[in-house]
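As structure tokens, the structure follows; a few thoughts come after it.
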Amino acid sequence: MGVHRCRRCQADSVIYMRQHRLALCEPHFVEWVERMTLGFIKKHRMFEPEDRVLVAVSGGKDSLSLWSILLKLGYQADGLYIDLGIDAGCGYSKRSGEHVAKFALQVVPGAKLHLLDLAALYGKTVPEMAGRRKGGRRKLCSVCGLVKRHEMNRAARELGYSVIATGHNLDDEAAVLFGNVLHWEAEYLVRQSPVLPADDLGLVKRAKPLARFYERETAAYAIVGNIDYIVDECPFSLGATSLRLKEVLNSMEDRSAGTKLNFYFSFLRARDNSLFPGYERPDLNPCCKCGQATGASGLCAFCRLV
Ligand code: AMP
Ligand code: ZN
Ligand code: ZN
């Protein structure tokens, strides 16, 4: 294998993406990521320039890059940080919030940042909410996911945003897909998509504009763009199933570049061709407390939790 040169300008200092057989110098890589994101947003009809987009920012490389890319592409994008109250001896939520606030001030000063503090709102942090449940700490990740989804939706509705954008990358999406395939979770599989439509029960449209990028591509974008992100994963996610699924996919990717990309995009095509005919979303009702859609009758899972 010879030395790679930038496909656009022939520069010899490049980022090489084996999975695309594509080498680009830093400026052309940045341009490529932004152009591909725009194409992906348009292809999946995620949002239009007149939409008000609420970007859920965690302080990590993906969501901070996403916020910056959307603004560069000319979209109206404000940020939302949810302080989950995760400390775990390293002040995880506090440090993440500081990264987000600094980024908002220095990199996207024209945009708004909404801060939402769970303990201040509900008197309980995510670990406290999870601790009360059967299954305790092991349930923490699922409780955390539930809380984030509910609060993102509530914030978007109350603040008048038409779309919520999250920073999920291809590695995240491929791992979720892999997990769902291992258990043949057809109900989840039919709904796994880079864009989820709004519904008439107040569910705000959700979009994952970076779902076509490998994690190492979003990391490279953040590094090249000097985005100061929080490198640590959530301390509770260590040892989580999703990380094991990622490891398996990564070892397959090492032997055969493009495995993850092919796995995810072949799935999207199969799903569009009705891979699972006959599966429909179960009937939903409005929660009697918060009004958000739920499969349960009465209180939704979030309201039962708090
Ligand atoms: P995770 O579920 O931690 O893998 O994060 C997936 C996406 O959810 C991120 O890319 C963000 O868009 C969003 N997100 C995660 N944590 C937070 C948070 N504390 N506040 C706001 N958005 C978040
Ligand atoms: Zn170049
Ligand atoms: Zn509710």
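With the contact rule set at Cα under 8 Å and sequence spacing of 6 or more, what percent relative contact order holds for the chain?
Working: 452 pairs, mean separation 56.6, N = 306.
It rounds to 19 percent for the chain.
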Discussion item. Could you identify which residue out of Pro194, Pro286, Pro209 has the top mean-square fluctuation in a GNM of the chain using Cα springs shorter than 10 Å?
Written reply: Pro286
Item to complete: Provide, in order from the shortest bin, the percent of all Cα-Cα pairs of segment 13-55 in each 5 Å bin, continuing until the bin that contains the maximum pair distance.
Response: 5, 19, 20, 21, 13, 12, 9, 2
Practice prompt. Scan around Asp117 for amide H atoms under 5 Å from its own, H built in the peptide plane at 1.01 Å from N, and keep only partners 5 or more places away or cross-chain.
Written response: Asp83
Worksheet item: Under a point spin-label approximation (7 Å from Cα along Cα-to-Cβ), what is the Ser256-Leu73 distance to one decimal in nm?
Response: 3.1 nm
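Relative to the Cα centre, what is the charge dipole magnitude of segment 199-254, using +1 at the beta carbon of each Lys and Arg, -1 at the beta carbon of each Asp and Glu, and rounding to the nearest 20 debye?
Numbers: 7 positive and 10 negative charges, 35 e Å.
Magnitude of the dipole: close to 160 debye.
So, by mean Cβ neighbours within 10 angstrom, what's the order for 112-121, 160-169 with the highest one leading? Before the final figure, lay out each step's value.
Numbers: 112-121: 15.0, 160-169: 21.9.
Put in order of decreasing packing, that is 160-169, 112-121.
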Discussion item. For the chain, what does the accessible surface come to per residue with a 1.4 Å probe? Please give it in Å².
Written reply: 52 Å²
Worksheet item: If the chain between Thr241 and Arg21 were fully stretched, how many nm would it gain, using 0.36 nm times the residue separation less the Cα-Cα distance?
Response: 76.2 nm
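If the convex hull of the alpha-carbon atoms of the chain is projected onto planes in all directions, what is the mean projected area in square nanometres? Each step should come with its number before you reach the end.
Working: hull surface 67.6 nm².
Mean orientational projected area (the chain, Cα hull): 16.9 nm².
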Discussion item. For a quick size check, give me the Cα extents of segment 91-238 along its three principal axes, largest first, whole Å.
Written reply: 44, 38, 37
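State the extension gain, in nm to one decimal, for the chain segment bounded by Lys289 and Arg5, taking 0.36 nm per residue of separation less the distance between their alpha-carbons. Before the final figure, lay out each step's value.
On the way: separation 284, 0.36 × 284 = 102.24 nm, distance 5.88 nm.
Stretched out fully, the Lys289 to Arg5 stretch lengthens by 96.4 nm.
Rounded to the nearest 0.05, what FRET efficiency do Arg216 and Leu299 have when you use their Cβ-Cβ distance and R0 = 51 Å? Display every interim value, and only then the final one.
On the way: r = 42 Å, r/R0 = 0.82.
Between Arg216 and Leu299 the formula returns 0.75.
Taking the Cα centre of the chain as origin, work out the dipole magnitude from +1 charges on Lys and Arg Cβ and -1 charges on Asp and Glu Cβ, in debye rounded to 20. Could you put the intermediate results ahead of the total?
Numbers: 42 positive and 34 negative charges, 83 e Å.
For the chain, the charge dipole is close to 400 debye.
Go through Lys42/Lys94; Lys112/Lys260; Lys148/Lys246 and tell me which ones have a Cα-Cα distance over 30 Å in this structure. Don't jump to the answer; show the numbers that get you there.
Numbers: Lys42/Lys94 35 Å; Lys112/Lys260 35 Å; Lys148/Lys246 22 Å.
Lys42/Lys94; Lys112/Lys260, as the Cα separations exceed 30 Å there.
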Worksheet item: Could you give the length gained on full extension between Asn273 and Lys94, defined as 0.36 nm per residue of separation minus the Cα-Cα distance, in nm?
Response: 60.0 nm
Worksheet entry | Residue (of Leu64, Leu54, Ala130) at the positive-pole extreme of segment 1-145, dipole from beta-carbon charges | Ala130
Response to the item:
Between the modelled labels at Asn226 and Leu105 (7 Å from Cα along Cα→Cβ) the distance in nm is 1.7 nm
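At a temperature of 4 °C and a viscosity of 1.567 mPa s, determine how fast segment 174-276 diffuses translationally according to Stokes-Einstein, using the Kirkwood radius over alpha-carbon pairs as Rh; express D in µm²/s, rounded to the nearest whole number. Write out the running numbers ahead of the final one.
Numbers: Rh = 15.8 Å.
Roughly 82 µm²/s, to the nearest whole number.
The values are calculated or read from the model by the stated rules, or taken from the named source; none is laboratory data. Keep in mind that this is a model prediction, so the values were computed, not measured. Quick reminder, even Gly has a Cβ in these numbers, built from the backbone with ideal geometry, and neighbours come from all protein chains shown. Areas reflect the complete protein model, heavy atoms only, side chains present, ligands, DNA and RNA absent. Shrake-Rupley method; radii C 1.70, N 1.55, O 1.52, S 1.80 Å.
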